[in-house]
Amino acid sequence: MKRILFILLLAAAVSCGRDGRVILGDERFDAYLPLLEGRRVAVLSNQSGIVGDKVYNWCLDGGRQVTEQTVGVPFSQPLDTTLPVTYGPHIVDVLLEKGVDVCAIFSPEHGFRGIADAGEDVASGVDEATGIPILSLYSHGSYMPAAEDMEKFDILVVDIQDVGLRYYTYYITMQHLMDACAVYGKKVVILDRPNPNGFYVDGPVLDMQFASGIGSLPVAMVHGMTLGELALMMNGEGWLKDGLKCDLTVIPCLNYTHGTRCTLILPPSPNLKNMREVYLYSSTCFFEGTEVTTGRGTEFPFEVYGHPQMDDRGFSFTPRSIPGAKTPRYMDRLCYGVDLRGKPLEEIWSEQVNLEYVIDAYNHFPADSTFFFDGNHFELLIGVSYPREMILAGASAQEIEARWEQDVAHFKQQRRPYLLYKE
């Protein structure tokens, strides 16, 4: 079934040549600048919030086979880690140039410059380039803006690149700000961006007993929505605090559908360094709830998995302290495991969420060691309890994935009223 859906998505993908390139919400000045005139503005963004046509450098032509050669962009090529000004102005700089009164910047996990480790506390500060205060929403366990910060602005502008997975935390930061804006009567304007994993829906819907800072909404694990669509669903389904709604405007992309494939040129977070990692992330991030490392501290995180005591299968790696992974698991220890860097992109797309990697690692893990972390971190990632139980009982990936097919079908129906782009 997944392979059939993959073929249909290929057929539905649009051409994005010179005349049909995707135009991001932040480029549509006529649509949103009038909303900001004479108002105090806060911005939720990070290093990904650059304005212009260089954010995405290819889109899939309908129906043709996709390889790194035909696209002309190697998917294993690192995304550029230089500052956004290399490619074009940041949304904050553009708004200031347009005369908008930007009085605060909210930053998510990894910070405004996108260089902090996963889960690392990020202190508030001041943007050196503009002198605007940066208000961290990822500091000391508090993800809600302070009351005094909410008094600093009238309108919140959101321009940030998400990757469309329930445990990717940028949407949670947006949710907390929408909660606060609903309470304090502030308007929210989302400058929408494509979702690089927006071409499919897969994985279980979150059982809310596992709601946490890495999964806060009852959505499929790969929800297939842009941040703008997800924000509309938060409002429409009453998912904001106390069932409130915020005054919300989404500025959609142009020439985008859920069949469009786009390549990011900047890492959306420190450990998603290339597009193959962005696509594998929906399957290999589960290792974060086990004793197996997924390669943080290497130049290929989420493209490998291993452990110092796993069977030697002809591949090994050694995590080191590097920017974005200062103290990786098994730092300076040789790990044995599996290398996914040569896996064809078409296979990754067609498999979608793939539990075979976790099951394979479990089957090659030392019999006298515990595979899953104590506690429920694995459940917080996958969103339900039965996958761990079924893995321990010897079930196949196909048997486990079949359990969430109804979740996917129901969620796709539930989200339909909020979609801004053709499926």
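The values are calculated or read from the model by the stated rules, or taken from the named source; none is laboratory data. Keep in mind the model is a prediction, meaning the values are calculated, not measured. In this analysis, Cβ positions are derived from the backbone assuming ideal geometry, glycine residues included, and neighbour counts consider all displayed protein chains.
Which residue, of Gly295, Gly306, is surrounded by 20 or more Cβ atoms within 10 Å (Cβ to Cβ), under 19 Å from Val278 (Cβ atoms) and modelled with pLDDT of 95 or more?
Working: Gly306 fails: under 19 Å from Val278 (Cβ atoms).
Just a single option satisfies the conditions, and that option is Gly295.
Return the pairs, sorted by first residue and then second, in which the second residue is of a type in the set (Lys, Arg) and in a strand (DSSP E or B), the first residue lies in the stretch 237-249 and is at positive phi, the beta carbons are less than 7 Å apart, and the residues are 6+ apart or on different chains.
Pairs that qualify, where the first residue is at positive phi and the partner is of a type in the set (Lys, Arg) and in a strand (DSSP E or B): there are none.
Which members of the stretch 215-224 meet the condition of being out of contact with any Gly (no Cβ under 7 Å at 6 or more places or on another chain) and surrounded by 23 or more Cβ atoms within 10 Å (Cβ to Cβ)? Don't jump to the end; show me each part of the working.
Narrowing the stretch 215-224 to residues out of contact with any Gly (no Cβ under 7 Å at 6 or more places or on another chain): 216-219.
Across the stretch 215-224, the qualifying residue is only Val219.
Is there a residue in the stretch 408-423 that is closer than 23 Å to Glu277 by Cα and not β-branched (Val, Ile, Thr)?
For the stretch 408-423, residues closer than 23 Å to Glu277 by Cα and not β-branched (Val, Ile, Thr): absent.
So, in the stretch 309-355, how many residues would count as being among the small types (Gly, Ala, Ser) and in contact with a Cys (Cβ under 8 Å, 6 or more places away or on another chain)? I'd like the intermediate steps shown before the answer.
From the stretch 309-355, those among the small types (Gly, Ala, Ser) are 314, 316, 321, 324-325, 337, 342, 350; that's our starting set.
Of the ones still in play, those that are also in contact with a Cys (Cβ under 8 Å, 6 or more places away or on another chain) are 316.
Residues flagged as among the small types (Gly, Ala, Ser) and in contact with a Cys (Cβ under 8 Å, 6 or more places away or on another chain) within the stretch 309-355 amount to 1.
If I go through the stretch 182-207 residue by residue, how many of them are part of a strand (DSSP E or B) and closer than 19 Å to Gly25 by Cα? Working first, answer last.
Looking only at the stretch 182-207, we keep the residues that are part of a strand (DSSP E or B), and these are 187-191, 202-205.
Among the residues that remain, those that are also closer than 19 Å to Gly25 by Cα are: 187-191.
Residues in the stretch 182-207 being part of a strand (DSSP E or B) and closer than 19 Å to Gly25 by Cα: 5 in total.
Please find, within the stretch 264-302, the residue that is nearest to Ile382 (Cα to Cα) out of those that are in contact (Cβ under 8 Å) with a residue 40 or more places away in the chain and among the acidic types (Asp, Glu).
The selected residue is Glu288.
This table checks each residue for (1) assigned by TED's automatic domain parsing to the domain that holds Phe286; (2) without any contact (Cβ under 8 Å) to a residue 12 or more places away in the chain; (3) within 24 Å of Gly164 (Cβ to Cβ).
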{"site": "Thr370", "(1), (2), (3)": "yes, no, no"}
{"site": "Gly375", "(1), (2), (3)": "yes, yes, no"}
{"site": "Leu380", "(1), (2), (3)": "yes, no, yes"}
{"site": "Ser385", "(1), (2), (3)": "yes, no, yes"}
{"site": "Glu389", "(1), (2), (3)": "yes, yes, no"}
{"site": "Gly394", "(1), (2), (3)": "yes, yes, no"}
{"site": "Gln398", "(1), (2), (3)": "yes, yes, yes"}
{"site": "Trp404", "(1), (2), (3)": "yes, no, yes"}
{"site": "Lys422", "(1), (2), (3)": "no, no, yes"}
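Tell me which of these Trp239 doesn't satisfy, since it passes every other one: (1) surrounded by 22 or more Cβ atoms within 10 Å (Cβ to Cβ); (2) assigned to a loop (DSSP other than H, G, I, E, B).
(1)
Considering each residue of the stretch 249-280, count those that are surrounded by 19 or more Cβ atoms within 10 Å (Cβ to Cβ), modelled with pLDDT of 85 or more and more than 21 Å from Glu423 (Cβ to Cβ), and give that number.
10
Based on what the data block shows, is Val338 in contact with a strand residue (DSSP E or B) (Cβ under 8 Å, 6 or more places away or on another chain) and either of a type in the set (Ser, Thr, Tyr) or not in a loop (DSSP other than H, G, I, E, B) (or both)?
Details: in contact with a strand residue (DSSP E or B) (Cβ under 8 Å, 6 or more places away or on another chain): yes; either of a type in the set (Ser, Thr, Tyr) or not in a loop (DSSP other than H, G, I, E, B) (or both): yes.
For Val338, the condition - in contact with a strand residue (DSSP E or B) (Cβ under 8 Å, 6 or more places away or on another chain) and either of a type in the set (Ser, Thr, Tyr) or not in a loop (DSSP other than H, G, I, E, B) (or both) - is met.
Examine the stretch 146-159 for a residue that is within 30 Å of Leu280 (Cβ to Cβ) and in contact (Cβ under 8 Å) with a residue 12 or more places away in the chain, and state whether such a residue exists.
yes
With basic (Lys, Arg) and under 30 Å from Arg193 (Cβ atoms) as the only criterion, which of Arg388, Arg415 stands out?
Values: Arg388 fails: under 30 Å from Arg193 (Cβ atoms).
Selected residue: Arg415, the only one of Arg388, Arg415 that is basic (Lys, Arg) and under 30 Å from Arg193 (Cβ atoms).
Among the residues of the stretch 171-178, are any surrounded by fewer than 22 Cβ atoms within 10 Å (Cβ to Cβ), at pLDDT 95 or above, touching a strand residue (DSSP E or B) at 6+ places or on another chain (Cβ under 8 Å) and not in a strand (DSSP E or B)?
No; the residues of the stretch 171-178 include none that is surrounded by fewer than 22 Cβ atoms within 10 Å (Cβ to Cβ), at pLDDT 95 or above, touching a strand residue (DSSP E or B) at 6+ places or on another chain (Cβ under 8 Å) and not in a strand (DSSP E or B).
Across the stretch 371-416, which residue is surrounded by the fewest Cβ atoms within 10 Å (Cβ to Cβ) among those that are over 30 Å from Thr257 (Cα atoms) and in contact with a Lys or Arg (Cβ under 7 Å, 6 or more places away or on another chain)?
Applying the filter and picking the extreme gives Tyr386.
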